[in-house]
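J.: One structure, pasted below without further comment.
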Amino acid sequence: MRAAAHAMRRAAPWLLALGLAAAHAAPASRPPPVPVRADKIVLVGDSTVQAHSGWGGAFCARHAAPFLACLNLGRGGRSSYSYRAEGSWELARRELRGGGYGRVWVLIQFGHNDQPGKPERSTDLAEEFPANLRRYVDEARADGARPVLVTPLTRRQFRDGRLVDDLAPWAEAIRRVARERQVPLVDLHARSVAAVQALGPVASMRFAQRPATPELVAAALQGTTAEAPPAPAPPPAAADATAPLRLAFDYTHLGGAGAEFFAALVADELARAVPELRPRLLP
């Protein structure tokens with residue numbers, strides 16, 4: 001008996017070590033983590049959407065929360081017709097169909113370059129423009145994405161102290177298509193008109209890409225904005241690439257302050273129009 005007890009005492013440290021090793025080798029089972037897939041927003045539109053001249057860059061940089069990928073495909077000078085004709089919409093559709101994301105939204109804003117005076121890109125307001133918007137909506141849905149229509153950002157020109165709202169008919173056409181197709185609407189036009197009218201012709205000049213000249217400020221102080229001088233023409237070889245980055249004063253395009261201001265309006269309107277997106281947006 002004494003020999004057996006002695007043998008057990010000698011074996012005890014080895015048995016303890018084996019038990020500890022087994023405990024480390026076979027941890028208690030636990031459920032796998034629940035996967036959280038990121039959502040995605042694609043921005044489609046003209047120079048008032050694209051980075052460096054519109055609100056889109058600031059929106060993606062400041063208002064897309066973690067787990068919300070944001071891709072800005074705004075292109076300067078494009079209308080609802082020319083954006084598709086040049087192939088930019090097909091590029092956007094590839095992004096809408098790309099797998100791996102939980103939900104994909106596409107924000108679509110046109111109107112500025114659909115207005116008359118630009119024969120190679122303008123569209124008929126009564127028929128062609130709304131038909132183009134319907135097609136964008138239908139194709140986005142066919143790709144599994146969730147379209148959101150955005151009314152155009154206002155220009156900041158004044159006459160006798162009142163904002164010249166020349167984009168109102170295009171904004172109303174977008175609202176009608178949104179109702180027809182039951183699409184969420186970000187009414188940037190209404191929000192920007194109210195904001196710019198409240199600021200007035202002088203204060204709203206700070207939204208431009210460059211400061212206004214003293215002559216332009218003097219005119220605005222009288223309540224009527226003067227025509228801004230044209231931006232210097234870029235070299236011919238680089239015209240298409242650099243023209244939207246005007247970096248000159250005008251009443252349409254946005255510098256840093258304007259981009260941040262109107263991107264915040266878009267984020268606020270989007271959270272209202274698409275409540276399920278609210279947790280993915282930063283105010």
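J.: Cβ-Cβ distance below 8 Å, separation of 6 or more or different chains: which pairs start in segment 79-100 with a residue that is over 17 Å from Q115 (Cβ atoms) and touching a residue at least 24 places away in the same chain (Cβ under 8 Å) and end on one that is small (G, A, S) and in a helix (DSSP H, G or I)?
T.: Close Cβ pairs satisfying both conditions: R93/A140; L96/A140.
J.: Return the total of residues in segment 145-169 being without any contact (Cβ under 8 Å) to a residue 60 or more places away in the chain and in contact with a helix residue (DSSP H, G or I) (Cβ under 7 Å, 6 or more places away or on another chain).
T.: Residues that pass the stated criteria total 7.
J.: Here are some residues: L68, L43. Which one is at pLDDT 95 or above, hydrophobic (A, V, I, L, M, F, W, C) and either out of contact with any Lys or Arg (no Cβ under 6 Å at 6 or more places or on another chain) or under 21 Å from R135 (Cβ atoms) (or both)? Write out each step before concluding.
T.: Values: L68 fails: either out of contact with any Lys or Arg (no Cβ under 6 Å at 6 or more places or on another chain) or under 21 Å from R135 (Cβ atoms) (or both).
Of the residues listed, the single one that is at pLDDT 95 or above, hydrophobic (A, V, I, L, M, F, W, C) and either out of contact with any Lys or Arg (no Cβ under 6 Å at 6 or more places or on another chain) or under 21 Å from R135 (Cβ atoms) (or both) is L43.
J.: Within segment 243-283, can you find the residues that are surrounded by 13 or more Cβ atoms within 10 Å (Cβ to Cβ), of a type outside the set (K, R), at pLDDT below 95 and under 24 Å from C70 (Cβ atoms)?
T.: P244, L245, L247
J.: Still on this structure, please answer the following. Just checking, how many residues over segment 127-179 are charged (D, E, K, R) and touching a Lys or Arg at 6+ places or on another chain (Cβ under 9 Å)? I'd like the intermediate steps shown before the answer.
T.: To start, the set of residues in segment 127-179 that are charged (D, E, K, R) comprises 127-128, 134-135, 138-139, 141, 143, 146, 155-156, 159-160, 162, 165-166, 172, 175-176, 179.
Next, from what is left, pick out any that are touching a Lys or Arg at 6+ places or on another chain (Cβ under 9 Å): 134-135, 138-139, 141, 143, 146, 165-166.
Of the residues in that region, 9 qualify.
J.: Additional query: Return the residues of segment 107-132 that are crowded, with 19+ Cβ neighbours inside 10 Å, under 22 Å from T252 (Cα atoms) and at pLDDT 95 or above; say none if nothing qualifies.
T.: Of all residues in segment 107-132, those crowded, with 19+ Cβ neighbours inside 10 Å come to 107-114, 121, 123, 129-130, 132.
Remaining after also requiring under 22 Å from T252 (Cα atoms): 107-114, 121, 123, 129.
Hits for segment 107-132 are L107, I108, Q109, F110, G111, H112, N113, D114, T123, F129.
The values are calculated or read from the model by the stated rules, or taken from the named source; none is laboratory data. Just so we're clear, the structure is a prediction, and the values are computed from it rather than from any experiment. All Cβ positions, even for glycine, are placed from backbone atoms using ideal geometry, and neighbour counts span all protein chains on display.
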